[in-house]
Structures are given as structure tokens and as C-alpha cells.
Amino acid sequence: EIRHLGGALLRSAEPHGALATFDAPFLTFGVGIVFDEESYGANCTQLEKIGEALAPYDTDRQYLNFTEAETDPARFYRPDTYRRLRAVKAEVDPENVFRANHPIPAAD
């Protein structure tokens with residue numbers, strides 16, 4: 001799936017949150033239906049081929065809701081936003097009580 005972005009997704013406004021914008025013209029998403037172990041391997045191979053074909057267009061950002069695999073959470077946010085989120089995490093949750101699929105580590 002290739003989704004065309006732009007418009008409101010490029011414009012940030014108060015009081016929108018950390019993921020209020022997505023600064024890329026397109027977003028891709030691939031799905032493979034797994035029936036058994038053989039189809040799992042075949043689907044992974046096909047999804048990897050799609051990823052390789054689209055690699056020249058990669059902005060090094062990922063969309064949080066479309067990412068199933070463990071990924072560096074910095075890839076979901078702009079650098080300034082990620083630094084701010086790490087600072088907030090350090091201030092309000094230094095014991096790492098609140099967790100998510102893609103956890104943000106506290107700032108050093």
C-alpha cells in the first residue's frame with residue numbers, strides 16, 4: 001500500500017501532539033498473510049524485496065502504527081521532538097513504569 005501524504009499532515013499547529021505531522025510525501029505499508037511456517041518465510045522474503053525496492057526513497061522515518069518489528073523509537077519522531085519526549089520520560093517516569101511496544105528511553 002502506498003499512501004499519499006501532505007496537506008494537513010505537513011502542517012503543525014498547537015496543541016497537536018508529538019506525532020502531529022509526517023514530513024514525507026508518501027507512506028508505504030506491506031502486509032503478508034501467514035497460514036503456516038512456509039508462507040511466513042515466503043511473505044518475509046516478498047516484504048524484504050519491497051523494502052529493498054523502495055530503499056532509495058527512505059526518509060529514515062517510520063510510522064508508529066505500521067511498525068510491528070522492534071525499531072529504534074527515534075525513527076518515529078523528528079529529532080527535536082524525540083529529545084523532548086526523552087526529557088519528559090526522565091522527569092515523569094524515571095522508573096519506567098509506563099511502557100509501550102516502542103518504548104522511549106529516558107534522557108541521560
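A 1.4 Å probe run over the stretch 9-102, with the rest of the protein chains in place, finds 78 Å² accessible per residue.
Report, to the nearest whole %, how much of the accessible area of the chain belongs to carbon and sulfur atoms, 1.4 Å probe, protein only.
54
Solvent-accessible surface (1.4 Å probe) assigned to residue 104 amounts to roughly 30 Å².
The angle between the Cα long axis of helix 79-92 and the main principal axis of the chain comes to about 60°, on a 0 to 90 degree scale. Kindly identify the stretch 63-103 as rounded, prolate or oblate by the Cα gyration tensor criterion: order the square roots of the eigenvalues as a ≥ b ≥ c, call it rounded if a/c is under 1.5, otherwise compare a/b with b/c, prolate if a/b is larger, else oblate. Verdict is oblate for the stretch 63-103. Largest GNM mean-square fluctuation among 82, 63, 40, using the chain with Cα springs under 10 Å: 40. Each of 39, 12 has its accessible area taken with a 1.4 Å probe; listed largest first, they run 12, 39. Per-residue ellipticity at 222 nm from helix content only, as computed over the chain with -39500 (n - 2.57) for each DSSP H run of at least four residues, stands at -10000 deg cm²/dmol. When you restrict to C-alpha pairs under 8 Å that are six or more residues apart and normalise by the size of the chain, the relative contact order lands at 19 percent.
The values are calculated or read from the model by the stated rules, or taken from the named source; none is laboratory data. Note that the structure is a prediction, hence the values are computed from the model and not measured. For accessibility, only protein heavy atoms count, side chains too; no ligands or nucleic acids. Shrake-Rupley method; radii C 1.70, N 1.55, O 1.52, S 1.80 Å.
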